[in-house]
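First comes the structure, then the notes that go with it.
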Amino acid sequence: MTQEKSYLIIGAGLSGICVGIHLIENGHQVTLIDSGKNLSSIIAAGQINPLVFRRMTKSWRVDEFLPYAEKFYTKLESDTNLSIYCPIQIRRMFSSAHEKTMWLEKQNRPDFSIYMETITDEDDTYDLAQNDFGSGRIKRSSYVKAAQFLTGGKEWIKKHGTVITQKMNYQELDPATGIYQGKEYDGIIFCEGSENLSNPWFGNLPVEHTKGQVLTLTSTEISQEESLNRKCFLLPIGDCTFRLGATYEWQTNDTIVTNEAKDDLLEKFQLLSQKPFEITEHLAGIRPTIPDRRPILGKHPDYEKLLIFNGLGTKGYLIAPLLAKEFVDFVDGKVELDREVRIERFYK
Ligand SMILES: Cc1cc2nc3c(=O)[nH]c(=O)nc-3n(C[C@H](O)[C@H](O)[C@H](O)COP(=O)(O)OP(=O)(O)OC[C@H]3O[C@@H](n4cnc5c(N)ncnc54)[C@H](O)[C@@H]3O)c2cc1C
């Protein structure tokens, strides 16, 4: 039995919610505070793709992350009675003959065939998108409805703990004792996403900002059967509505939507569909990313009670649930963290 402890979590995005749920499941008290202004989790298309198309490799630790994520989201869905987790096939329209060759080399290997369909004549002649080199279909791909997940996750935590809308005032925290606004916590866990930059204790870590823009389209003529992918993604989200995304912009910190990004996405869209559509929304967000493409988890080197869970990057919805479980088990002293995510790699 784990001894009950009390934790303050800063940030109710994907990170803070996954960590909060696991802390409660391990028998702890949770207070979750969030400024109410989310820059990433709510903007995300929430796609879960077990492959990395560029190199046609498996996503990092996907064999562990994927089954856990599937269970986690479907349980939250049934606990909250909200529609959160949506399996949908991804069809990759190959960008080159080389890409198709890479697929063919892997599709029958037991470690890949769990995620890749064998290419058929129909895939080669698929004609709803521009088909220059054929296409391949992914198994076990899905998307998480971000807004429902965030609402459901906060509701779930509220039932078992406390959720407060408030920007944390760093000056009111004593890092040595873990006292915040007069209450002592056993741990303060920062899940601030890209806003980590202004954190007095962890702001020196390389949580970089990768801006992303997405469009929401409506069309009664585009097929809603599959999520299409080539240079961009076109994800059907029901009711003749689609997310088209996403851009990757590195040299900027703002969340301003730009015509340049819109034009770029619409040009790429032409590869996936020539059907008429309307643009109903244009959003921009910031992905918290780490230069070595691994999250940062762990304890502050000087203050035992301060912890961080950040840097989920582009595959956040796939990796967050199991990483949060491992993080909470680490906080409880049950396991070591995966070497690749440890904060210590930046404190040599
Ligand atoms: C355009 C775009 C598309 C994406 N598409 C996908 C996708 O398809 N699949 C996928 O897996 N991932 C995708 N991502 C990435 C994914 O969104 C992130 O990996 C993930 O959401 C990061 O979650 P987070 O909780 O760490 O950060 P955030 O979502 O940024 O949450 C941090 C929270 O902390 C709060 N906060 C920060 N500082 C304070 C403070 N001092 N006091 C109080 N509250 C504070 C903020 O208000 C915020 O709510 C996408 C991201 C973008 C921008």
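The values are calculated or read from the model by the stated rules, or taken from the named source; none is laboratory data. Quantities reported herein were computed from a predicted structural model and do not represent experimental measurements. Note: ideal-geometry Cβ built from the backbone for every residue, glycine included; neighbour counts use all protein chains shown.
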Return yes when LEU39 is in the same structural domain as ILE319 (by TED's automatic domain parsing) and at pLDDT below 95 and no when it is not. yes
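Just to be sure before I move on: is GLU267 in the same structural domain as LEU215 (by TED's automatic domain parsing) and within 28 Å of TYR126 (Cα to Cα) in the structure I sent?
yes
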Test ARG293 against the stated conditions and say whether it is of a type outside the set (Val, Ile, Thr) and on the phi > 0 side of the Ramachandran plot. yes
Checking THR218 against (1) surrounded by fewer than 23 Cβ atoms within 10 Å (Cβ to Cβ); (2) more than 30 Å from LYS262 (Cβ to Cβ), which test does it fail? (2)
Among residues of segment 39-51, those that are in a strand (DSSP E or B) and near the ligand (Cβ under 6 Å from one of its atoms), counted: 1
Scope segment 200-229; condition touching an Asp or Glu at 6+ places or on another chain (Cβ under 6 Å) and farther than 18 Å from THR252 by Cβ; matching residues: THR216, THR218
PRO295: surrounded by fewer than 15 Cβ atoms within 10 Å (Cβ to Cβ), within 16 Å of the ligand (Cβ to nearest atom), closer than 30 Å to GLN171 by Cβ and at pLDDT 95 or above, yes or no? no
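Sort out which residues of segment 11-33 are out of contact with any helix residue (DSSP H, G or I) (no Cβ under 7 Å at 6 or more places or on another chain) and more than 16 Å from ALA320 (Cβ to Cβ), and write them in order of number.
Correct list: GLY27, HIS28, GLN29, THR31, ILE33.
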Restricted to segment 180-203 and to residues being closer than 14 Å to PRO295 by Cα and aromatic (Phe, Trp, Tyr), the residue surrounded by the fewest Cβ atoms within 10 Å (Cβ to Cβ) is PHE202
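Do the conditions hold for LEU104, that is, is it modelled with pLDDT of 95 or more, surrounded by fewer than 19 Cβ atoms within 10 Å (Cβ to Cβ) and either in the same structural domain as PRO321 (by TED's automatic domain parsing) or closer than 30 Å to ILE188 by Cβ (or both)? Show your work before the answer.
Numbers: modelled with pLDDT of 95 or more: yes; surrounded by fewer than 19 Cβ atoms within 10 Å (Cβ to Cβ): yes; either in the same structural domain as PRO321 (by TED's automatic domain parsing) or closer than 30 Å to ILE188 by Cβ (or both): no.
Spelling it out, it is not the case that LEU104 is modelled with pLDDT of 95 or more, surrounded by fewer than 19 Cβ atoms within 10 Å (Cβ to Cβ) and either in the same structural domain as PRO321 (by TED's automatic domain parsing) or closer than 30 Å to ILE188 by Cβ (or both).
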Considering only residues that are of a type in the set (D, E, K, R) and under 15 Å from ALA69 (Cα atoms), look in segment 302-337 and name the one that is nearest to the ligand (Cβ to nearest atom). LYS315
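With respect to LEU8, determine if the residue is within 11 Å of the ligand (Cβ to nearest atom), part of a strand (DSSP E or B) and in contact (Cβ under 8 Å) with a residue 40 or more places away in the chain.
In short, yes.
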Unique match (being away from the ligand (no atom under 14 Å from the Cβ), of a type outside the set (A, V, I, L, M, F, W, C) and modelled with pLDDT under 95) among ARG91, ARG137, ARG109, ARG54: ARG54
For residues that are more than 10 Å from the ligand (Cβ to nearest atom), of a type outside the set (S, T, N, Q) and part of a strand (DSSP E or B), tally how many sit in segment 190-243. 9
